[in-house]
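Worksheet: the structure to be examined is printed underneath.
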Amino acid sequence: MSVSGTSEVNRFIAGHTPSPETRPNVNLSDCPSRLVLEHVTSRWGVLVLAALLERSYRFSELRREISGVSEKMLAQTLQTLERDGFVHRDAKPVIPPRVDYSLTALGRQAAEQVWALARWAEGSLPEVFAARSAYDGVRV
């Protein structure tokens, strides 16, 4: 996050009840909630949260569970979600090293929301495909 982004977040969480003028508003370009939404609704963020809703995973298990994610993208996504307080990283002091990833209470709340959206998307595929066909038919 940029330094200006950090100051924006600090302004919103400065320990006072926000007035209507300073309350986070996702429609404003400088609202820090946009960044949170970007993280939880990113291509891999949604899938990581959904997978961790089932159970905790080791990194390699999670990579196998989420088809198509690269090691680099999974590591970045987990780090971002951990930084935002959604994912807990539990590094066990054993040999070989073992790291488990699980959801925090905040992460569980977010995961339930994005999982509901994912289930809705899966259930709405016939309507989406019909709309696409109708749209494409008019455009041809």
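The values are calculated or read from the model by the stated rules, or taken from the named source; none is laboratory data. It should be emphasised that the depicted structure is a prediction, and the values quoted were computed from it without experimental measurement. Cβ sites come from the backbone with ideal geometry, for glycine too, and all protein chains shown count toward neighbours.
Worth pointing out:
For every residue, the table says whether it meets (1) modelled with pLDDT of 95 or more; (2) in contact with a Ser or Thr (Cβ under 8 Å, 6 or more places away or on another chain); (3) more than 20 Å from Ser42 (Cα to Cα).
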| position | (1), (2), (3) |
| --- | --- |
| Pro97 | no, no, yes |
| Asp100 | yes, yes, yes |
| Thr104 | yes, no, no |
| Arg108 | yes, no, no |
| Glu112 | yes, no, no |
| Trp120 | yes, no, no |
| Leu125 | yes, no, no |
| Ala130 | yes, no, yes |
| Val140 | no, no, yes |
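- Hey, Phe12 surrounded by 13 or more Cβ atoms within 10 Å (Cβ to Cβ) and modelled with pLDDT of 85 or more or not: no
- In summary, helices (runs of 4 or more DSSP H) completely within the range 33-103 and bearing 1 or more residues that are under 30 Å from Arg23 (Cβ atoms) occur at 43-54, 71-83.
- Taken as a whole, the range 83-102 holds at least one residue that is among the small types (Gly, Ala, Ser), touching a residue at least 24 places away in the same chain (Cβ under 8 Å) and closer than 25 Å to Leu37 by Cβ.
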